């Protein structure tokens, strides 16, 4: 419950700070603070999983008596609190920050279920190993989700292309606009929760078409990929001498 309180507090503070507008020192705003909070919560969850598994192994090696009924009452109260917290979090925005906090709550919720089941087994059968064994099984379930959020958070912090978008597809979409000869130095990244930015250099067939190209590219990218924060630089033919893996050319029309 202490770890839940810490994770929820960290997530709430990060969500509050992320709402601050851009400034002269942080021109993109502070949206990345939520990714940092998610990273901190994921690392904390990994530490908790390791600690519980370590304690479970010690309990298996050196069984200790358990006061089953009082502990069951505490576990049931904890289960109720975690159900309420999970319900509130699931109603909110599904950002990395919220998902990381929800992971803590779900982990503790499953821990309460495991504790209740293990304590009832201990009470009715006297098999004290049931509690640590169930604890390790729950840790195994939590570990997969924790690693997934940790990987996704690191991807955002390293300016990776959003997992639901294809850099090649976006480049081909832009290169297909009339007046665009090729696209290079294309970058797509998260700069805040559910906010994506794009920058690219566009080689034009004629500088006179730039105003219409700019409007067309913005409309296409916004309609097809939901990206509205674009920074585009026009260039003329003859300047697109770049490695092939960084250059996306306009599709050649098929001949009848």
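Key figures
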{"read-out": "Potential lengthening between residue 26 and residue 199 on full extension [0.36 nm per residue; Cα-Cα distance subtracted]", "value": "60.4 nm"}
{"read-out": "Percent of beta bridges antiparallel (DSSP, the chain, rounded to nearest 5)", "value": "60"}
{"read-out": "Extension reserve of the residue 176-residue 127 stretch, reckoned as 0.36 nm per residue once the Cα distance is removed", "value": "10.8 nm"}
{"read-out": "Net lengthening on full extension, residue 233/residue 137 (0.36 nm per residue, minus Cα-Cα)", "value": "29.2 nm"}
{"read-out": "Whole-number D in µm² s⁻¹ for the stretch 1-76, Kirkwood Cα-pair radius fed into Stokes-Einstein, 20 °C, 1.002 mPa s", "value": "138"}
{"read-out": "Kirkwood-based shape ratio for the chain, expressed as Rg/Rh from alpha carbons", "value": "1.19"}
{"read-out": "Sites residue 187 and residue 90, calculated FRET efficiency, Cβ-Cβ separation with R0 30 Å, nearest 0.05", "value": "0.35"}
{"read-out": "Residue 158-residue 210 pseudo-label distance in nm [points 7 Å out on the Cα-to-Cβ vector]", "value": "3.6"}
{"read-out": "Ranked list, fewest to most other Cβ atoms within 10 Å of each Cβ, for 16, 99", "value": "16, 99"}
{"read-out": "Spatial separation of Cα centroids for the stretch 194-221 and the stretch 37-60, in angstrom", "value": "48"}
{"read-out": "Degrees separating the helix 2-18 axis from the principal Cα axis of the chain, which is the longest one", "value": "20"}
{"read-out": "Compactness relative to 2.2 N^0.38 Å, alpha carbon Rg of the stretch 167-249", "value": "1.03"}
{"read-out": "Cα-projected label distance for residue 5 with residue 219, points at 7 Å along beta-carbon direction, nm", "value": "5.7"}
{"read-out": "Expected 222 nm ellipticity per residue - DSSP helices of 4 or more, -39500 (n - 2.57), all of the chain, to 500", "value": "-21000 deg cm²/dmol"}
{"read-out": "Mean Cβ neighbour count within 10 Å, used as a protection proxy, ranking 66-75, 170-179 highest first", "value": "170-179, 66-75"}
{"read-out": "Candidates 88, 103, 198, ranked by Gaussian network fluctuation over the chain, Cα under 10 Å, top entry", "value": "88"}
{"read-out": "Evaluated at q = 0.14, 0.31 Å⁻¹: base-10 log I(q)/I(0), Debye formula over Cα of the stretch 161-211", "value": "-0.40, -1.19"}
{"read-out": "Highest average packing first - 223-234, 128-139, Cβ atoms within 10 Å", "value": "128-139, 223-234"}
{"read-out": "The stretch 2-157, relative contact order in percent, only Cα pairs under 8 angstrom and at least six apart counted", "value": "33"}
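Rule-based calculations on the coordinates, nothing more; no lab input. From a predicted model like this one, the values you see are computed outputs, not experimental measurements. Ideal geometry is used to build each Cβ from the backbone, glycine not excepted, and the neighbour counts take in all protein chains shown.
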